[in-house]
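This report refers to the structure that appears directly beneath it.
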Amino acid sequence: PRSILQWNVGSHRDISHESLSLFRLLEPQIEILVLGTGDRVERLHPAMLKQMRECGIAVEVQDTPNACATFNFLVSEKRMVAAGLIPP
């Protein structure tokens, strides 16, 4: 279902195991999480990405404009996708 939730993350430095837990709780379960990290692509700690993969969720990290485009494309393909977006 289409939903908008507030994600209390102000910058890529705020992305943590705890902030990503929101996406693990969504029902139905998502298969892909697209993260938009602002004006540019920011690296996330590999352990966070590994934890999401272990939960069956692939993570794609991009700058926010490209993350929006990727999210829209995946939705058009009827994929189970969510986006965590930090404004540029």
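Observations
- Residues located in the stretch 17-38, provided they are open to solvent by 30 Å² or more (accessible area, probe 1.4 Å), part of a loop (DSSP other than H, G, I, E, B) and more than 19 Å from ASN66 (Cα to Cα): LEU26, GLU27, PRO28, GLN29
- Any chance GLN6 is part of a helix (DSSP H, G or I) and on the phi < 0 side of the Ramachandran plot: no
- Per-region count, the stretch 45-59, residues open to solvent by less than 80 Å² (accessible area, probe 1.4 Å) and at negative phi: 9
- Residue that is most open to solvent (accessible area, probe 1.4 Å), among those in the stretch 60-88 that are within 10 Å of the chain's Cα centre (by Cα) and under 16 Å from ARG2 (Cα atoms): LEU85
- Looking across the stretch 4-35, the residues that are in contact (Cβ under 8 Å) with a residue 12 or more places away in the chain and over 11 Å from the mean Cα position of the chain (by Cα) come down to LEU5, VAL9, GLY10, SER11, HIS12, SER16, HIS17, LEU26, PRO28, GLN29.
- For the stretch 41-88, the set of residues classified as assigned to a strand (DSSP E or B) and not hydrophobic (A, V, I, L, M, F, W, C) consists of GLU60, GLN62, GLY84, listed by residue number.
- Selection of the stretch 52-70 for residues being over 16 Å from LEU26 (Cα atoms) and in contact with a Leu (Cβ under 8 Å, 6 or more places away or on another chain) yields GLU60, VAL61, GLN62, THR64, ALA67, CYS68.
The values are calculated or read from the model by the stated rules, or taken from the named source; none is laboratory data. This is a predicted model, so every value here is computed, not measured. Backbone-built Cβ (ideal geometry, glycine too); neighbour counts: all protein chains shown. Side chains are part of the model used for accessible areas, which takes the heavy atoms of the whole protein and leaves out ligands, DNA and RNA. Shrake-Rupley method; radii C 1.70, N 1.55, O 1.52, S 1.80 Å.
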